[in-house]
Amino acid sequence: MVQKRDIEKAAELLSQDQLVAIPTETVYGLGGNALSDTAVAAIYAAKGRPQFNPLIVHVLDVDAAARYVEVTPQAELLAKHFWPGPLTMVLPRRKDSTLSLLLSAGLDSVAVRSPAHPIARELLAAIDFPLAAPSANRSGHVSPTEAQHVRDEFGDKITILDGGSCAVGIESTVIDLTAEMPTILRPGAVTEAQLSAVLGSLGKSGTQIKAPGMLESHYAPNKPIRINADNVKSNEALLAFGEPLEGTQITQNLSATENLQEAAANLFRMMRMLDASAAEAIAVMPIPDEGLGIAINDRLKRAAAPKSV
Ligand code: TXA
Ligand code: MG
């Protein structure tokens, strides 16, 4: 249980440019003061993240965002519908923005999000600066959805606010609102259909790599992954969806009832468990490419792609 004094302690650490791992409804974030180059550099160092990969800024609400980015009419509209929640908007950086320059890695845009998790919100209310927070994993590893995953990544070096399992389980949808046509840079819990219902049409996504997070191999466990498997080999572990295939002792089922929301919440935890298992590789059963399944398949495709870095 996170107590009021844990929040106060975390706020204190953050104000001294220390890092704190925070629960959000999507995945755990590795938080630091977004106005401080020192804190932002510490995040890059802890993650082992290439310097060109910009970070998401977490704010309490749209008014807080407006201090640092241009909140366009489209952003205003999306915030009304989806904030607080798993939607990240890439917006023009304000000329007078005091955000760390390192944070946006030289881009003149900034990604902002208002998280819904009550502990993240309590913490944001307790500090007077926005929080830079990428997923709390080392670069190239899968995102953590439990406090223990964060401990596995960083050991006891980093203070963690334990908010239990993340309800959504995959990272936020990232939408770029800096061009005329809004474009989804990373699929997530807020779907394309939900976004276009609010905005009208969207630009074609995936045509260019704007977010380095779109790089093919990003969410990679150490073991080779085979997706859309209709059989399991004896040296493989199985990540099942629905009725599991037979042929291996080592199985994790994303959702026995084929519920995509349950599958998303389980995805990274189960990938971690299978990656740590005795199997040599991981076979993944097909997931329907609809609703949250689009984001799940996106993460699985990246995990299955040969490592590029
Ligand atoms: O759900 C989430 O979004 C989690 C939680 C902690 O909020 N955070 C997260 O952060 O996934 P991260 O850093 O692992 O992924 C951020 C993504 C990356 O793909 C990054 O390249 C993209 O957002 N991004 C950040 N700033 C950007 C910008 N200015 N333009 C384009 N893409 C940007
Ligand atoms: Mg990440």
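The values are calculated or read from the model by the stated rules, or taken from the named source; none is laboratory data. All values reported here derive from a predicted model rather than from experimental measurement. As a convention, Cβ positions derive from the backbone with ideal geometry for all residues, glycine included, and neighbour counts pool all protein chains shown.
Gly155 passes all but one of (1) under 30 Å from Pro221 (Cα atoms); (2) at pLDDT 95 or above; (3) not in a loop (DSSP other than H, G, I, E, B); which number fails?
(2)
Take the residues in the range 4-26 that are within 16 Å of ligand 2 (Cβ to nearest atom) and in contact with a helix residue (DSSP H, G or I) (Cβ under 9 Å, 6 or more places away or on another chain), then tell me which one is farthest from His117 (Cα to Cα).
The extreme case among them is Leu19.
Can you pull out every residue in the range 102-120 that is over 17 Å from the mean Cα position of the chain (by Cα) and of a type in the set (D, E, K, R)?
The one that is over 17 Å from the mean Cα position of the chain (by Cα) and of a type in the set (D, E, K, R): Asp108.
Which of the residues spanning the range 98-138 are of a type in the set (Gly, Ala, Ser), over 14 Å from Gly32 (Cα atoms) and more than 12 Å from ligand 1 (Cβ to nearest atom)?
Answer for the range 98-138, where residues must be of a type in the set (Gly, Ala, Ser), over 14 Å from Gly32 (Cα atoms) and more than 12 Å from ligand 1 (Cβ to nearest atom): just Ala125.
Of the conditions (1) surrounded by fewer than 17 Cβ atoms within 10 Å (Cβ to Cβ); (2) on the phi > 0 side of the Ramachandran plot, Gln261 satisfies every one except a single condition; which number is it?
(2)
Could you go through the range 83-92 and let me know if any residue there is surrounded by fewer than 19 Cβ atoms within 10 Å (Cβ to Cβ) and over 21 Å from Ala167 (Cα atoms).
yes
Just give me the residues in the range 158-183 being outside any loop (DSSP other than H, G, I, E, B), out of contact with any Ser or Thr (no Cβ under 6 Å at 6 or more places or on another chain) and either within 16 Å of ligand 2 (Cβ to nearest atom) or within 24 Å of Leu91 (Cα to Cα) (or both), in sequence order.
Thr173, Ile175
I'm trying to understand the selection: among the residues of the range 138-152, which are part of a loop (DSSP other than H, G, I, E, B) and either more than 13 Å from ligand 2 (Cβ to nearest atom) or surrounded by fewer than 24 Cβ atoms within 10 Å (Cβ to Cβ) (or both)?
Residues satisfying the conditions are Arg138, Ser139, Gly140, His141, Glu146.
Could you list, in sequence order, all residues of the range 140-171 that are within 12 Å of ligand 1 (Cβ to nearest atom) and more than 12 Å from the chain's Cα centre (by Cα)?
Gly140, Val150, Gly163, Ala167
Table: residues versus (1) at pLDDT 95 or above; (2) small (Gly, Ala, Ser).
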residue	(1), (2)
Ile119	yes, no
Phe129	yes, no
Ala136	yes, yes
His141	no, no
